[in-house]
Amino acid sequence: MHVNLAVALALAAVHLLALPGTPRAQEQDQYKRLHQRALRRLVDGDAAGALQQLRALAAEEPDDPETWFAIGAVHAAAGDAAAAAEAAERAVVSGLPPERFAAGPIEWFAPVADDPRFRALVARGSPLVHGPTLGALGADRVRIWVRTRTPATVRLEVGRDADDAATRTDERTGAAGDDRTATFDVDGLEPDTAYRYALRIGGEVVGRGRFRTAPAPGTAARFRIVFGGGAGYVPSHERVWTTIAARQPTALLLLGDNVYIDDPTRPAMQRYTYYRRQSRPEWRALVADVPVHAIWDDHDFGTNDCIGGATRDTPPWKPAVFDVFRRNWPDPGYGGGTGEPGCWHRLTIGDVDFFLLDGRAWRTDPRGDAPTMLGPVQKRWLLRELAASDATFKVIASPVPWDYRTKGDSKDTWNGFRAERDEIFGFLARERIEGVVLLSADRHRSDAWRIDRDGAYPLYEFSSSRLTNQHVHPEMKAALFSYNDTQSFGEVTFDTTGDDPTVRYDVVTIDGEVVHSLELRRSALR
């Protein structure tokens, strides 16, 4: 992608006070959007405009590493190796991991990939560009995901935490066609057991981690999970991942708006947005030890309040967006497979079942006839799995709120799909399904809600979606409690070891302070 940057360089030398898209013109703009906005111009062939916008950002924040990464990408795409290397060096000096330039998107940096100075800078980073990331947690298994600098063979060594040597090994190759990712499915493990692992490339240890398998299905246990959404890329707030790691949860559930792409037609921008989160050291430290299960919402799937539609290939970008998601999250399953792709799946920890829903890929217009958020295949799956579950607690996790009061008159929540929500809740009552708790995200705050039902026990909803976001939504007086003072996440502790098992919801701030709590007994959910 060679372009002529002479005009852009000349313009960049001028101090642009009112250029649209710069911090000076948009003082309240959100950090997560600034570089995306400029790099879209690069993808669309307007490298001069992209550089102009980025130079204006650098004039106001000269030590921001993401700005220098983006400037390096523009110069690299133009084949200007010297300028690209200079910008990349400045980004790394400012704190950006060198692995970011190996991640790419690689097509942006391909024109300078063989330049000695640029190659030397990239070589400072690990050959393991992203990961390890744990996922697909089970009593006898876990999944380990990695991305390599170039297609490379990765060796995995796994052993019990108490043992001196690895008890099993495996090898995978980070394939170019899968964006240099590789996934290890480690099975045959013992329930509720601590393990450690190491990853090697060419004999060198490039990653380590620890994990504990889930208690066996149906086994009484005490454990905690963390959940949330609203995790746009904000460097000063990325420390939330360190706060979560310190809580030592059994799993992390990300319920949508996990990276904020908002660009379903540009795969390069989708990958770029994943890469910048996956390169954060706070994130990498967390997910190397804590399995993550992810679903998407509008800002990761399409655009704000988007509708996926009732068919697999309409809109035409849907299959490609799913492919990018699948390559970046180590979930245990992806909806209905190739025929009905999505991100819904089930997670079992002891005698608690989690049902994570896809509220976007098969959603139809809420103002149309018989609207559906889940689509027929996913809805059949959910009702079948709920009926078959004999877990003490059954947790249904939605990317958008269940309670109609959460977002005014908006039809984007379950408020726009009342008949389908009634069908699900009616099924719970008719089949006498007990112990149901609801999770959700989307609103940039943390809430607790009580949904009363005629002739059935009330359903309690725990909602949280301001993991890192700057943008905030107002607190809600109708909620049992509501919090938006700072970034926060939901922590849910299950204790099924007593005569009357309990589930406790805590709202925890980015600084680790518990600001609200709600405990429910199993006897109240029947």
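Just a few scattered comments:
- Vicinal HN-Hα couplings computed from phi for region 426-435 (Karplus, 6.51 cos²θ - 1.76 cosθ + 1.60; Hz; Gly/Pro x): x, 4, 4, 5, 5, 8, 6, 8, 9, x
- Region 135-193 and region 458-492 have Cα centres lying 35 Å from one another.
- In region 109-202, the trypsin sites (Lys or Arg not before Pro) that fall in loop regions by DSSP, at most 14 other Cβ within 10 Å: Arg124
- Using alpha-carbon coordinates, inclination of helix 375-388 to the longest axis of the chain, degrees: 50
- Helical contribution to [θ] at 222 nm, DSSP H n ≥ 4, -39,500 (n - 2.57), averaged over the chain, rounded to 500: -8000 deg cm²/dmol
- Within the straight-line cut-off of under 18 Å between alpha carbons, the lysines reachable from Lys394 are Lys379, sequence neighbours fewer than 8 places apart in one chain being disregarded.
- For the chain, the residue among Tyr460, Gly207, Pro235 whose Cα projects farthest onto the positive side of the dipole built from Cβ charges is Gly207.
- Cleavage-rule hits, GluC sites (Glu not before Pro), region 46-110, DSSP coil, Cβ neighbours within 10 Å at most 15: none
- Derived scalar couplings ³J(HN,Hα) [region 173-186; Karplus, 6.51 cos²θ - 1.76 cosθ + 1.60; whole Hz; x for Gly, Pro]: 10, x, 7, 4, x, 9, 6, 6, 9, 9, 10, 9, 9, 9
- Sorted fewest first by neighbouring Cβ atoms within 10 angstrom, Asp163, Asp298, Asp170 come out as Asp163, Asp170, Asp298.
- Under the combined filter of DSSP loop state and at most 13 neighbouring Cβ atoms within 10 Å, region 412-501 retains these trypsin sites (Lys or Arg not before Pro): Arg432, Lys477.
- Stretchable slack from Thr193 to Asp452, in nm (0.36 nm times residue separation minus alpha-carbon distance): 89.3 nm
- Long-range amide H partners of Ala251 with built H, under 5 Å: Val226
- Working note: Karplus 6.51/-1.76/1.60 with θ = phi - 60° gives region 343-356 the couplings 10, 6, 6, 10, 10, 10, 10, x, 9, 10, 10, 10, 10, 9 Hz, where Gly and Pro are set to x.
- Backbone amide hydrogens, once placed in the peptide plane, bring Val290 within less than 5 Å of Leu134, excluding anything fewer than 5 places away on its chain.
Throughout, read-outs are computed from the coordinates displayed, never taken from laboratory work. The structure displayed is predicted, hence computed values, not measured ones. Glycine gets a Cβ as well: all are built from the backbone with ideal geometry, and neighbour counts include every protein chain shown.
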